[in-house]
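Novice: Next up is a structure, given as structure tokens.
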Amino acid sequence: MLRARTRSASQACRRGHHVLLTAHLRLQTPTTGDVPILCATASDPEAQRWLGWPARQVVAGPYRDRLLAMEPGQGRVRSRRLDHWLLAVDRASGLPAGGVALDAVSLEVGGWLAPGFRAHGLGAELFAGIAQFGHDHLGIAMVRAGTEQANMACVAALQAAGFEPAEGPATHRLPDGRIIRARWFRHDAQQATRC
């Protein structure tokens with residue numbers, strides 16, 4: 001599923017700016033200009049049903065549509081508050097396709113796809129990419145993922161990305177305060193390295 005890291009892709013990782021390539025996606029550290037775009041990829045009601053972000057992070061409809069039509073990667077300075085977040089860019093169109101994040105403390109990963117990129121099998125690439133980011137770029141041997149039990153699309157994407165069922169709390173509190181019934185997974189690397 002993931003292409004082997006090429007010399008040019010690994011050379012692009014420097015000074016905290018990471019780039020990973022999958023068959024259809026380019027996962028990259030967001031620039032400061034990309035932060036609103038990254039938020040827009042998850043700001044529609046369907047995504048928020050599963051993610052439950054606080055209202056201040058959700059981008060309103062008309063502004064969201066403008067951001068989703070922009071080509072990301074503008075700006076020279078990355079956002080320090082998003083050190084372990086990656087913006088997913090569709091390699092064919094150059095448009096923002098979603099995002100993934102890794103919490104360096106809990107080792108939990110999460111991800112989402114923008115509306116136009118759902119139901120195309122990209123979720124597996126997204127989760128395989130964030131696992132590779134943790135294993136090959138940050139030196140983390142095991143990452144975890146939790147999802148709502150009813151989110152079968154996410155469960156299927158995690159399993160297709162090589163995540164295995166794991167123990168975890170029966171419930172999880174989303175950022176907006178909702179409590180969901182959770183299902184947990186893990187992804188292990190035989191050897192973890194840093195880029």
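The values are calculated or read from the model by the stated rules, or taken from the named source; none is laboratory data. Quantities reported herein were computed from a predicted structural model and do not represent experimental measurements. Using ideal geometry, Cβ is built from the backbone for each residue, glycine included, and neighbour counts are taken over all protein chains shown. When the accessible area is computed, the model is the full protein with side chains, heavy atoms only, and any ligands, DNA or RNA have been set aside. Shrake-Rupley method; radii C 1.70, N 1.55, O 1.52, S 1.80 Å.
Novice: I need the Debye-formula profile for the range 113-195: one equal scatterer per C-alpha, no solvent, reported as log10 I(q)/I(0) at q = 0.13, 0.15, 0.18 1/Å, two decimals.
Specialist: Relative scattering, expressed as log10 I(q)/I(0), comes to -0.45, -0.59, -0.82.
Novice: Relative to the compact-globule scaling 2.2 N^0.38 Å, provide the ratio for the alpha-carbon radius of gyration of the chain.
Specialist: It is 0.96.
Novice: Then there's this: At 7 Å along Cα-to-Cβ for each site, give me the label-to-label distance between R49 and A69 in nm.
Specialist: The answer from the label model is 2.6 nm.
Novice: Moving to a separate point now. Label R56 and A104 with points 7 Å out from Cα along Cα→Cβ: what is the distance between them in nm?
Specialist: Distance between the two pseudo-spin positions: 2.3 nm.
Novice: Quick check for you: with a 1.4 Å probe and neighbouring chains kept, what is the accessible area per residue of the chain, in Å²?
Specialist: 51
Novice: So for R118, R181, what's the accessible-area order with a 1.4 Å probe, most first?
Specialist: Details: R118 50, R181 150 Å².
Largest accessible area first, the residues go R181, R118.
Novice: Also: Enumerate the residues in the range 27-61 having an amide nitrogen under 18 Å from the point lying 7 Å beyond the Cα of R173 toward its Cβ.
Specialist: From the range 27-61, the list is 51-56.
Novice: I'd like the carbon and sulfur percentage of the solvent accessible area for the chain, probe radius 1.4 Å, heavy atoms only, ligands and nucleic acids excluded.
Specialist: That fraction is 52 percent.
Novice: If packing is taken as the mean number of other Cβ atoms within 10 Å per residue, what is the order of 163-172, 139-148, 44-53, highest first?
Specialist: On the way: 163-172: 13.2, 139-148: 19.1, 44-53: 15.5.
The peptides rank, most packed first, as 139-148, 44-53, 163-172.
Novice: Which FRET efficiency value, to the nearest 0.05, do you get for A119 and D188 by plugging their Cβ-Cβ distance into 1/(1 + (r/R0)^6) with R0 = 30 Å?
Specialist: 0.60
Novice: For a protection proxy built on the mean count of beta-carbon atoms within 10 angstrom, sort 60-71, 28-39 highest first, please.
Specialist: The densest-packed peptide leads the list: 28-39, 60-71.
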